[in-house]
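The values are calculated or read from the model by the stated rules, or taken from the named source; none is laboratory data. Note that this is a predicted model, so its numbers are computed, not measured. FYI the Cβ positions are ideal-geometry reconstructions off the backbone, even for glycines, and counts take in every protein chain you see. Just the protein is used for accessible areas: all its heavy atoms, side chains included, with ligands, DNA and RNA removed. Shrake-Rupley method; radii C 1.70, N 1.55, O 1.52, S 1.80 Å.
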Amino acid sequence: MIFKSEQTQQMFDSWLVISGGISPNEPDQKRFHDFVKTYYLNGENVTENSFVKECKKVTYTSRSVNRGICQRYYRRLNDIVKFLERYKITF
């Protein structure tokens, strides 16, 4: 478990495991945003290395279209969290 909160870990697993890794489809994007919301609300702060390592366990990254995808999603996660923190967004 890489997150402090079990709830965050469950949302992370739900996002990745259901679709067998990162997928561009609409339900997968919704699950990613649900994970980000939970991550933010629980005050999580994981390193890129930890995130990418967990992501690669279920995402097939050797295909050229998936190279670097876990890193891109980590950056996306951080960008969204920074935005939420900057504007003090509450849910």
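With respect to ARG75, is the statement that it is in contact with a Ser or Thr (Cβ under 7 Å, 6 or more places away or on another chain), over 15 Å from MET1 (Cα atoms) and open to solvent by 50 Å² or more (accessible area, probe 1.4 Å) true? Criteria not met by ARG75. Screening GLU85, GLU48 for residues that are of a type in the set (Asp, Glu), surrounded by fewer than 19 Cβ atoms within 10 Å (Cβ to Cβ), over 15 Å from LYS4 (Cα atoms) and more than 11 Å from the chain's Cα centre (by Cα) leaves exactly one candidate, GLU85.
Taken together, the residues in region 1-10 that are charged (D, E, K, R) and part of a helix (DSSP H, G or I) amount to 1. Selection of region 3-46 for residues being small (Gly, Ala, Ser) and closer than 21 Å to ARG63 by Cβ yields SER19, GLY20, GLY21, SER23.
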